[in-house]
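Here's the structure, in structure tokens; my notes come after.
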Amino acid sequence: MRTLAGQDGNPVYIFETGDLVRLTRGEGGPLATAHAGEWGRVTRVYSCGALDIKFAGYGRAKDADLTRGVAIPRGRVEPCDMQGMPIGRGFSAVWETRRGR
């Protein structure tokens, strides 16, 4: 994963195959298969920036019926660690606020 600075100073993440990501928003529409909070490993990155994500064995059970999300927009995900907890500047600021600092 590469991180760039956006015009507003917020990080812009360029994901690569193998990165761990967590959904910040679920898929829209009546046939939504991925929901906010689920996480997994990026298996494919499209030229438009959309991602295929393998959820099974990560944010879902290994024997789940739906094991992956396809062509999820990169704006709906954030980087996470091996436990599915978000990492990065935005998360640490929220964490420090909750701890009372």
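Since every read-out is calculated from the coordinates, none of them should be taken as a lab result. Every value quoted in this text rests on a predicted model; they were computed, and no experiment measured them. Glycine also receives a Cβ, built like all others from the backbone with ideal geometry; neighbour counts cover every protein chain displayed.
Brief remarks on what is shown
- Using only side-chain charges placed at the Cβ, +1 for Lys and Arg and -1 for Asp and Glu, the dipole size of the chain relative to its Cα centre rounds to 180 debye.
- Spherically averaged projected area in nm², based on the convex hull that wraps the Cα atoms of the chain: 7.5
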